[in-house]
Amino acid sequence: MNSKDSGTKFVFVTGGVLSGIGKGATTASIAKLFQFRGYSIRIVKIDPYLNIDPGTLNPIEHGEVFVTDETWTFRPIEDFKFTISEIDLDFGTYERFTGMNVHPSQNITSGQIYTSVILGERRGSFLGRTVQIIPHVTDQIKKRLWENVRKEPVPDVLLVEIGGTVGDIEAMPFLEAVRQLAREVGRENVAFVHVTLVPYMKSVGEFKTKPTQHSVRTLQGLGLQPDVVVCRAEAPLSEPARAKIALFCNVPEEKVISNPDIPIIYRLPLSFEEQGLGNGLVAHFGLEQRTPQTDDWRQIVERFEDASENVTIAMPGKYTLLSDSYKSINEALAHAAAACNAHVTIRWIETEDRYDEAPLTKDLSNVDGVLLTPGFGGRGVEGMISAAAVSFREKIPFLGICYGAQLGAVAFARVEMGWEGAHTTEVDPDSLYPVVDLMPEQRQAKDKGGTMRLGGHEVHLIEGTKTHALYGVTEVRERFRHRYHLIERYIKKMKSKGLIISAVDSTGRIINAIELTNHPFWIGVQFHPEFRSRPEKPHPLYLGLIRAALEYKRGKSREQRS
Ligand code: GLN
């Protein structure tokens, strides 16, 4: 099958010079250019690492793990399966930009490709032949790409972001597969977009194009000629820099696109549009030129840019060194703030070395709200528990997410219930008050990967609670990623001191949310609302937190004035 059968066009996005230069936002923005014109899209991301999925990766190194609503059973061979709904964080960017939910099979890893090939070999799929990177691994890669084309609804444009940097050993089979695919479908059906870094040397007042030239040459050496070069730089490229890149990289000048630092990342598609990238790509593919409908998106972006108030939210936790480890939370807070005409400042508080209530009371005295972060393991936990305790004592608006909710319950057990040593068994398996624990049926599981409760599940909100009032409905669907649970036997006793259950699962057995009745805004949820937040549609819980934080801030300044 070639592209003519499906009509689908391909955009391949590669990266040069450095990793982490915003290839995800570039890919999502290019997708948006097609959406502005009413063309349907799907985005695939290739991650060349050997993990089957990023679920076990350390977020300090890799950034957050994104969780999809749908769960995918990946079957490299018939009776061998992995359940996947944990994928690369770039998918969060894709969902937020395109407004579409992604499917886990859109994230292709080397781990998946090699597992399929190697287990296939054991099953005799290769009929006695020597199994090789070319053609067997590259065929498997192309197969996965075609599956993403053929899946209904068949997209007009399939965008494929190739993770890592051109020249990385792991990415070679993918680039080779892409080269073959471009030949097979016809070069006119494929656009290569190369994203590079163009450093600006202040001392000489010049953009330096040499790293870009080198990375494009590496790409050319692999048989790939970029059609578009997107240049990440501190500022918009100068004309001489643009001309030089065009000349050396063999692309027309109008296809050298600036991707300068911008405060609101959602402006990027509009910036690309202004530089003619949308029309340029449509012309490249010989698609019908249509007037881009950018008004709705522009309004959303302006809401962020025009925000006049400020609200400060503390995020006590670990992993706070890399802000990408909480990417979707940061975005969800920003979406909610923009909807309230506010700009959010996030204050990361590393709780590894701050665990007593005294320093945390001080830290939290000049913030307007607390978001207690998700996470795993014992590091930084005591400080997070103290932060939760301070938030209910000081009546600071509080939203606990997953681990944050669990540790909020631990804090309540210790401080309000007086249950000394209360804990989650994830950290203290011998706790006398295991308010957070495994469910009995979970105790058998051994593997780390694949034992978690993942993906989208129904949530039943209990009428009369604040959580229910925020949603305004009784049944919702939220995304989960946890192993431990709030234990009903203990949580129920907390009602006497004001902590109630505000949401459960469809069986009524799993506690999905808790809240305080004697506090203006203190909510803990077992799920991750941030994964569903979109710039145009903030999540009700985040909106609730920001509104309460603004209220709290106004109350404080009234107090100071009087
Ligand atoms: N470590 C906790 C659990 O496994 C919370 C996980 C999370 O915050 N995502 O239940």
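The values are calculated or read from the model by the stated rules, or taken from the named source; none is laboratory data. Everything quoted here is computed from the prediction, not taken from an experiment. Cβ coordinates were reconstructed from backbone atoms using ideal geometry, including for glycine residues, and neighbour counts include every protein chain displayed. Side chains are part of the model used for accessible areas, which takes the heavy atoms of the whole protein and leaves out ligands, DNA and RNA. Shrake-Rupley method; radii C 1.70, N 1.55, O 1.52, S 1.80 Å.
The table below lists the values:
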{"read-out": "Net charge contributed by nearby residues that have their C-beta within less than 11 Å of LYS255 (K/R +1, D/E -1)", "value": "-2"}
{"read-out": "Per residue accessible area in Å² of the chain, where ligands, DNA and RNA are left out and the probe is 1.4 Å", "value": "41"}
{"read-out": "Acute angle (nearest 10 degrees) that the helix 239-249 long axis makes with the longest principal axis of the chain, alpha-carbon atoms", "value": "60"}
{"read-out": "Solvent-accessible area, 1.4 Å probe, carbon plus sulfur percent, for the chain", "value": "50"}
{"read-out": "Most to least accessible of HIS460, HIS539 (protein chains only, probe 1.4 Å)", "value": "HIS460, HIS539"}
{"read-out": "Listed peptides 471-479, 43-51 by packing density, highest first (mean Cβ within 10 Å)", "value": "43-51, 471-479"}
{"read-out": "Prolate/oblate/rounded label for segment 397-448 (Cα gyration tensor, a/c 1.5)", "value": "oblate"}
{"read-out": "Where ARG509, ARG42 fall by accessible area, highest first, once all protein chains stay in place (1.4 Å)", "value": "ARG509, ARG42"}
{"read-out": "Cross-link table LYS9/LYS32; LYS32/LYS327; LYS9/LYS537, entries beyond 18 Å C-alpha to C-alpha", "value": "LYS32/LYS327; LYS9/LYS537"}
{"read-out": "Per-residue SASA entry for LYS497, accessible area with 1.4 Å probe, Å² rounded to 10", "value": "100"}
{"read-out": "In nm, spacing of pseudo-spin labels at PHE80 and GLN293 (7 Å Cα→C-beta vector)", "value": "4.7"}
{"read-out": "Whichever lysines have a C-alpha closer than 19 Å to that of LYS395, once near sequence neighbours (fewer than 8 apart) are set aside", "value": "LYS362, LYS466, LYS495, LYS497, LYS553, LYS556"}
{"read-out": "Whichever lysines have a C-alpha closer than 25 Å to that of LYS210, once near sequence neighbours (fewer than 8 apart) are set aside", "value": "LYS23, LYS202, LYS244, LYS255"}
{"read-out": "Stretchable slack from ARG379 to ILE462, in nm (0.36 nm times residue separation minus alpha-carbon distance)", "value": "26.6 nm"}
{"read-out": "Virtual spin-label span in nm between SER238 and VAL473, 7 Å along Cα→Cβ", "value": "5.4"}
{"read-out": "Simple label model, 7 Å out from Cα along Cβ direction - LYS495 to GLN132, nm", "value": "7.0"}
{"read-out": "In Å², nearest 10: area of SER308 left accessible to a 1.4 Å probe", "value": "90"}
{"read-out": "Linear extension gain, GLN220 paired with LYS362, 0.36 nm per residue minus alpha-carbon span", "value": "45.5 nm"}
{"read-out": "Heavy atoms of PHE126: accessible area, 1.4 Å probe, square angstrom to 10", "value": "50"}
{"read-out": "Förster radius 41 Å - calculated FRET efficiency between GLU254 and VAL204, Cβ distance, rounded to 0.05", "value": "0.95"}
{"read-out": "Helix axis angle, 327-339 relative to the chain longest principal axis, alpha carbon, degrees", "value": "80"}
{"read-out": "Qualifying GluC sites (Glu not before Pro) for segment 285-315 [loop in DSSP, other Cβ within 10 Å: at most 11]", "value": "GLU288"}
{"read-out": "FRET efficiency, THR56 to LYS143 (Cβ-Cβ, R0 35 Å, nearest 0.05)", "value": "0.85"}
{"read-out": "Mean Cα-pair separation over length for segment 446-562, i.e. relative contact order, pairs under 8 Å, 6 or more apart, %", "value": "22"}
{"read-out": "Relative contact order, percent, the chain [alpha-carbon distance under 8 Å, six or more residues apart]", "value": "14"}
{"read-out": "Qualifying trypsin sites (Lys or Arg not before Pro) in segment 160-219, DSSP loop, other Cβ atoms within 10 Å at most 13", "value": "LYS202"}
{"read-out": "Over segment 166-246, relative contact order from alpha-carbon pairs under 8 Å, at least 6 apart, %", "value": "35"}
{"read-out": "Rounded tilt (10° steps) of 295-305 against the dominant C-alpha axis of the chain", "value": "50"}
{"read-out": "Anisotropy class of segment 191-319 from Cα gyration tensor, a/c 1.5 cut", "value": "oblate"}
{"read-out": "Estimated 222 nm signal from helices in the chain, with DSSP H stretches of n ≥ 4 weighted -39500 (n - 2.57), rounded to 500", "value": "-10500 deg cm²/dmol"}
{"read-out": "Mean projection area, nm², convex hull over Cα of segment 513-562", "value": "4.5"}
{"read-out": "Value in Å of the Kirkwood radius, where the chain supplies the Cα pairs that are averaged", "value": "25.1"}
{"read-out": "Accessible surface ranking that places the most exposed of CYS340, CYS231 first, with a 1.4 angstrom probe", "value": "CYS340, CYS231"}
{"read-out": "Tensor-based shape of segment 408-534 (alpha-carbon gyration tensor, a/c under 1.5 rounded, otherwise prolate or oblate)", "value": "oblate"}
